[in-house]
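J.: If you scroll down you'll find the structure; I have some questions about it.
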Amino acid sequence: MLNKLKENFLFFDGAMGTMLQNSGLKIGELPEELNITNPEIIYNIHKEYLNAGANIITTNTFGANKLKLKNSSYTLDELISAGVKTAKKATEGFSEKYVALDIGPIGYLLSPLGSLSFEEAYDIFKEQVTIGVNAGIDLILIETMTDIYELKAAILAAKENSSLPVFATMSFQDKSRTFTGNDVKSFVFTAEGLGVDVLGVNCSLGPKQLQPIVDELLKYSSIPIMVQANAGLPKYHKNTAYYDIDPSKYSQEINIMAKKGVAIFGGCCGTTPEYIKSIVNALDGLKPIKIVKKNFTTAASSTKTVFLGNGVKIIGERINPTGKKRLKEALRENDLSYIVREAIEQEESGSDILDINVGLPDIDEKEMMKKVIKEVQSVVSLPLQIDSTDYEVIEDAARIYNGKPIINSVNGKKESMDKIFPIAKKYGALIVALTLDEEGIPATSEKRLEIATNIIETAKVYGIPEENILIDPLVLTASAEQNAVMETLKAIPLIKNKYNVKIVLGTSNVSFGLPNRNLLNSTFLSMALGYGLDAPITDSTNKSLMDVVRSFKVLANQDKDSKDYIKTYGNISFENNIPSSDSDLKEIIIKGLKDEAKKVSLKILDQYNSLDIVNEFMIPALDIVGEKYEKEEIFLPQLIRSAETSKIVFEVIKEKSINEKITDDKKILLATVKGDIHDIGKNIVKLILENYGYKVIDLGKDVDIENIVETVKKENITLVGLSALMTTTVKNMDFTIQELKKEFPRLKIMVGGAVLNPDYALAINADYYSKDARGAVDIAKKVFSA
Amino acid sequence: MKVSYVKKDLVLINEDEALRYMGYKSKIADKETQKLLNESIAELKDLAELKYVYKIFDIEKENNNISFENMINIKSNDLYKLFKNCEKSAVIAATLGFEVEKRIRYYSLTNLSKALVFDACATSCIEALCDVAQAEINEIALKEGFNITHRYSPGYGDVPISLQGEILSALNAQKLIGLSVLDSFILVPRKSVTAFIGFIKDYKINKKSCIDCNLFGNCSFSKEGERKC
């Protein structure tokens, strides 16, 4: 079938739902049940489409998944098998007609937006694929997806449990984004990387409105494109929808698409066999346009694609524990919010991609890597670079990553290539390739080219194209091997002249062991950029390095009209914004002056030790703020701002005196209970408790009971705070308390949240109810003084 | 049935209401909070994808059961009482979209004071969007010779929020406006509302009463004697 595609257009069928509606049949909630209760009608629809000229018909199984059919009296196996059987029967007597297993969205949102895990989604799709394959389908059509993450689970399920062709389409709204914000480019590069055979767009809009989306698909894709448009935009008459364009207008638009390069067509909502017939006729005599391979080097999240080689791109290096005490501590303590803040800071300071390395000898790197990736991807839109020396960590991370990742790294050693290339191929990842091999790092640029050549050629054997490789020619330190520094740089043009690969480089090693490292790093960075470095792996929060990058982009004609440069530097008044010497830390906290807090506390650290700052400035300030709040002189946003200011001071102290003990070991565990995703209130409680010196272990939202129980045991917790906002999730609070009390009879539990009150708290056996964050502090004081 | 994408300038965020959600007794925000309010409103204008879908159903009532053409079935004394003289009901679902949802999550991790203000403004915004939908429904009702009741949502009184799934599928809201529901019946994006509006002959609109609310006896506004929200 795929061979036929090279020479001819392929035609899918049109809508199933519209046909069922037109049949006048009263359809219940589950149209898939018709596969068993009324197969004739399904058979007839298939037959009509085949007669109209469709080459491929799709089974009536769009919503046939475990979750949607949980209330059906038929099993999933029965419904899908019957659907496939009917479709196959309809193709009898025709030649060269195929049956596609139709797979639509699960209907439940995946985490982090919803609560379905990636693994659960995979299992649901796997079940559908396995039944379909056993029933004898010819290909798999994953369609109407609005979330790339869900699509990825479906593609993996299809590819790992069948060897059939996989077609994948997403449904975009009029701004060329899906409901969840996914864009066309990220879809193309992610799906193509995962190895689908055909990708495209369906539903939501008519063919005319889809033209700009089609243009974008064609611009970036190197595989065939399919389009299944609606019959125009829906209009409503009373409660029924109808669509506003007829078959001939529809096929005019399709004709335009065919001439642009689309090769596979079908219909979606509102289309009937007449539409299919009309497009088959309209394309009679035309041939599909030959697809040109595009060779872009891209990394993507689900909402953002970064093109490498198209101007300097920064790969942020800060999430890597090597030499960073504070990050090590955060990793050991499972403090994901610290890591997320690091990610956000890099995004805001100009990183284009973030490197993620969580390797520490005493933690479970695999679990931590997955957690960090999920957490960072839930708030930061940048693509990520998975950085580990452990192949299993890399594989697991590449699997659960949402989008098209970068893997850091492979090298010229056979073992490394044997392990990394299959992973990179399967998940469509870019790969950072280090120019070292069994003999170590070579001394000359020529030898670096040799190793790069070996890596690039070996990758090709695995089906990985050149453009997916980022060569790192490895920087050596000037203090130890001064004569080697230029060899690294000279390797850059040598490699780029021979191959269509991009160059990355961790630049800050060069200055190791010498004074004024920043100066050396900046100079080296500008040299490397001049030699053709595409993406430095560096610290975007470092101002002087970013100065180099921004000025380079102007001089290299990458920052057109110096727009970004002027935006950054045009309005800076170079006066020093140092607060007057008498600004008092206490006042700053009371007034909630977040911007001044850091500077003043850095200054004050010269005069006071950490504990004095906490006891003489922070606690008294917070007490005053608390009183004002009680008296309703200030309100919640102001209280929180003071608390945030105080937290900034606290972070400064912590950074400077990481070995000094400034918090007591008064640990409190906080969680929003299972099923609930509201966490602003819980985060406020956390912030205020931290202000008062309590060490808060925050398990986040939608937290499993077992996770809470285990953490209480592991961390030896005396006080737990639980939050729930909904009447429906309060019952999970009840279950959580029951479990906790069973295991730890002496544990104290406080609860809070919109639907709770003291009576209810008592009824579910909580020890304390607090109406707000201030109340939680009073409870904590009571518990820990007992 | 109608699906609408609403122009942003039609929906006005009520600052006083937003302040009240944040616990302000006075209607005057301090300078810094006012700044956050202004920022939040500007961001909402930029980010919100104001969408709603509604459908007008014939309803049948029997023994506290209300059937919306058999697509939604509700057992509820409270709604039964409100709909006592209704023959039809509009069912609406409205949302601000995922970009607002994502921004709330972002602020709740990075900037809590902003999170609080932004969340309150978004709540005010979704209510304002519902007002727009309701005004449109009111016109339809008037043309057909009906008045309308006030909006009544799952979670009020004894109308269970477990209805959310049925409502979304009756309106095809997941496909049409991208609105989903979690197992815990939380709508996602969270700044979304579903509601019933009854069509009634000769009816004077009563002010929405606290007794109808699921927070009755436990609401921070009524605790403070305001008796309205």
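The values are calculated or read from the model by the stated rules, or taken from the named source; none is laboratory data. All values derive from a computational prediction rather than experimental measurement. Cβ atoms come from the backbone with ideal geometry, glycine included; neighbour counts cover every protein chain shown.
J.: Within region A:233-274, which residues are more than 19 Å from A:M170 (Cα to Cα) and under 32 Å from the mean Cα position of the chain (by Cα)?
T.: If the condition is that a residue be more than 19 Å from A:M170 (Cα to Cα) and under 32 Å from the mean Cα position of the chain (by Cα), then A:K260 is the only one that fits.
J.: Could you list, ordered by first residue, the pairs with Cβ atoms under 7 Å in which the first is in region B:144-164 and under 19 Å from B:V132 (Cβ atoms) and within 12 Å of another protein chain (Cβ to nearest Cβ) and the second is buried (at least 16 other Cβ atoms within 10 Å of the Cβ) and not hydroxyl-bearing (S, T, Y), at least 6 apart or interchain?
T.: none
Yes/no per residue for (1) away from chain B (no Cβ under 14 Å); (2) not hydrophobic (A, V, I, L, M, F, W, C):
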site: A:I619; (1), (2): yes, no
site: A:E644; (1), (2): no, yes
site: A:I648; (1), (2): no, no
site: A:K654; (1), (2): yes, yes
site: A:D676; (1), (2): no, yes
site: A:I708; (1), (2): yes, no
site: A:T711; (1), (2): yes, yes
site: A:T718; (1), (2): yes, yes
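J.: Restricting to region B:166-187, what's the tally of residues that are aromatic (F, W, Y) and more than 9 Å from chain A (Cβ to nearest Cβ)?
T.: Looking only at that region, the number is 0.
J.: I need a count of the residues in region A:295-318 that are in contact with a helix residue (DSSP H, G or I) (Cβ under 6 Å, 6 or more places away or on another chain) and either of a type in the set (A, V, I, L, M, F, W, C) or over 25 Å from A:V376 (Cβ atoms) (or both).
T.: The qualifying residues number 3.
J.: With respect to A:K126, determine if the residue is modelled with pLDDT of 95 or more, more than 30 Å from A:F179 (Cβ to Cβ) and either of a type in the set (A, V, I, L, M) or assigned by TED's automatic domain parsing to the domain that holds A:C269 (or both).
T.: When the stated conditions are applied, A:K126 does not pass them.
J.: Under the condition of being assigned to a strand (DSSP E or B) and without any contact (Cβ under 8 Å) to a residue 40 or more places away in the chain, which residue from region B:172-190 is surrounded by the fewest Cβ atoms within 10 Å (Cβ to Cβ)?
T.: B:S180
J.: Of all residues in region A:324-374, which are among the aliphatic types (A, V, I, L, M), part of a helix (DSSP H, G or I) and either over 30 Å from A:G311 (Cα atoms) or more than 14 Å from every other protein chain (Cβ to nearest Cβ) (or both)?
T.: Matches in region A:324-374: A:L327, A:A330, A:L331, A:L336, A:M368, A:M369, A:I373.
J.: Inspect region B:127-137 for any residue being within 14 Å of chain A (Cβ to nearest Cβ), under 19 Å from the mean Cα position of the chain (by Cα), more than 30 Å from B:I56 (Cα to Cα) and not aliphatic (A, V, I, L, M) and give the result as yes or no.
T.: No, every residue in region B:127-137 fails to be within 14 Å of chain A (Cβ to nearest Cβ), under 19 Å from the mean Cα position of the chain (by Cα), more than 30 Å from B:I56 (Cα to Cα) and not aliphatic (A, V, I, L, M).
J.: Let me ask something else about it. Just to be sure, is A:D244 over 26 Å from A:N182 (Cβ atoms) and of a type outside the set (G, A, S)?
T.: Answer is yes for this residue.
J.: If you check B:Y24 against the conditions, is it at pLDDT below 90, surrounded by 17 or more Cβ atoms within 10 Å (Cβ to Cβ) and not in a helix (DSSP H, G or I)?
T.: Against the criterion (at pLDDT below 90, surrounded by 17 or more Cβ atoms within 10 Å (Cβ to Cβ) and not in a helix (DSSP H, G or I)), B:Y24 qualifies.
J.: Just checking, how many residues over region A:532-544 are over 12 Å from A:Q346 (Cβ atoms) and buried (at least 19 other Cβ atoms within 10 Å of the Cβ)?
T.: Residues meeting the conditions: 4.
J.: Scan region A:376-403 for residues that are part of a helix (DSSP H, G or I) and without any contact (Cβ under 8 Å) to a residue 60 or more places away in the chain and report the count.
T.: Residues meeting the conditions: 10.
J.: Just the residues that are at the interface with chain A (Cβ under 8 Å from one of its Cβ atoms) and not hydrophobic (A, V, I, L, M, F, W, C), please, taken from region B:188-202.
T.: B:R190 - this is the single residue of region B:188-202 that is at the interface with chain A (Cβ under 8 Å from one of its Cβ atoms) and not hydrophobic (A, V, I, L, M, F, W, C).
J.: Follow-up. Out of region A:435-444, which residues are surrounded by fewer than 24 Cβ atoms within 10 Å (Cβ to Cβ) and at pLDDT 95 or above?
T.: A:L436, A:D437, A:E438, A:E439, A:G440, A:I441, A:P442, A:T444
J.: Within region B:147-171, how many residues turn out to be of a type in the set (S, T, Y) and in a loop (DSSP other than H, G, I, E, B)?
T.: Total meeting the criteria: 2.
J.: While we're looking at this one, here's another question. Residue check: is A:E150 touching a residue at least 24 places away in the same chain (Cβ under 8 Å), among the charged types (D, E, K, R) and within 14 Å of another protein chain (Cβ to nearest Cβ)?
T.: The answer is yes for A:E150.
J.: From the list A:I106, A:I124, A:I36, which one is among the hydrophobic types (A, V, I, L, M, F, W, C), surrounded by 20 or more Cβ atoms within 10 Å (Cβ to Cβ) and assigned to a helix (DSSP H, G or I)?
T.: Answer to the check: A:I124.
J.: Name the helices (runs of 4 or more DSSP H) wholly inside region B:31-123 in which the number of residues that are more than 13 Å from chain A (Cβ to nearest Cβ) is 3 or more.
T.: Passing ranges, in order: B:31-47, B:77-82.
J.: Does at least one position in region A:85-107 carry a residue that is within 14 Å of chain B (Cβ to nearest Cβ) and aliphatic (A, V, I, L, M)?
T.: yes
J.: Next up: Is there any pair with a first residue in region A:419-434 that is farther than 13 Å from A:E466 by Cα and a second that is of a type in the set (D, E) whose Cβ atoms are under 6 Å apart and which are 6 or more apart or on different chains, and what are they?
T.: If the second residue must be of a type in the set (D, E), the pairs left are A:I423/A:E395; A:L434/A:D472.
J.: If you don't mind, there's one more thing I want to ask. For region A:269-323, give me each residue that is in a strand (DSSP E or B), crowded, with 23+ Cβ neighbours inside 10 Å and of a type in the set (S, T, N, Q).
T.: A:T298
J.: Something else: State which residue is nearest to A:K371 (Cα to Cα) when the search covers only region A:92-103 and only residues that are touching a residue at least 12 places away in the same chain (Cβ under 8 Å) and either in contact with a helix residue (DSSP H, G or I) (Cβ under 7 Å, 6 or more places away or on another chain) or assigned to a loop (DSSP other than H, G, I, E, B) (or both).
T.: My answer is A:I103.
J.: Separate question: Quick one: which strands (runs of 3 or more DSSP E) sit completely within region A:658-738 and have at least 1 residues that are among the polar types (S, T, N, Q) and under 25 Å from the mean Cα position of the chain (by Cα)?
T.: Result: A:667-672.
J.: Being in a loop (DSSP other than H, G, I, E, B), touching a strand residue (DSSP E or B) at 6+ places or on another chain (Cβ under 6 Å) and among the polar types (S, T, N, Q) is the filter here; which residues of region A:42-91 pass it?
T.: Correct list: A:N55, A:T59, A:T61.
J.: Same structure, new question: Does region A:230-248 contain at least one residue that is assigned to a helix (DSSP H, G or I), modelled with pLDDT of 95 or more and of a type outside the set (A, V, I, L, M)?
T.: yes
J.: Of the residues in region A:2-29, how many are buried (at least 17 other Cβ atoms within 10 Å of the Cβ) and not in a helix (DSSP H, G or I)?
T.: Total satisfying the criteria: 8.
J.: Could you please let me know if A:K647 is surrounded by fewer than 19 Cβ atoms within 10 Å (Cβ to Cβ) and either touching a strand residue (DSSP E or B) at 6+ places or on another chain (Cβ under 8 Å) or under 25 Å from A:N615 (Cα atoms) (or both)?
T.: Judged against the criteria, A:K647 is not a match.
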